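S.K.: Sharing a structure, written as structure tokens. Questions coming.
The values are calculated or read from the model by the stated rules, or taken from the named source; none is laboratory data. These figures come from a predicted structure and were not determined experimentally. Ideal geometry is used to build each Cβ from the backbone, glycine not excepted, and the neighbour counts take in all protein chains shown.
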Amino acid sequence: MISGFHENAIDEIVARCNGDIRGALKALLLVNEQLEAELAELHAVVAHGGSRGPKRGVLH
């Protein structure tokens, strides 16, 4: 079951894509790919016992 928060988020994402559901899905997939890449980078840093400072250019 989708919560009201998720319903609102979905509506906002679709609205930002001018009602284009396909465009909204594409945007979400691109964001997901970026987050997966960042997560993989963090896993690699942790695996090597290092630390990572803030990365410039990150949007979130």
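S.K.: Restrict the check to region 36-45 and report whether at least one residue is exposed (fewer than 10 other Cβ atoms within 10 Å of the Cβ), modelled with pLDDT under 95 and of a type in the set (A, V, I, L, M).
M.R.: no
S.K.: Under 7 Å between Cβ atoms, which residue pairs at least 6 apart in sequence (or on different chains) link something in region 14-32 that is surrounded by 10 or more Cβ atoms within 10 Å (Cβ to Cβ) with a partner that is of a type outside the set (Gly, Ala, Ser) and not in a helix (DSSP H, G or I)?
M.R.: Gly23/Cys17; Ala24/Cys17; Ala27/Cys17
S.K.: Could you list, in sequence order, all residues of region 1-30 that are among the charged types (D, E, K, R) and outside any helix (DSSP H, G or I)?
M.R.: Across region 1-30, the qualifying residue is only Asp20.
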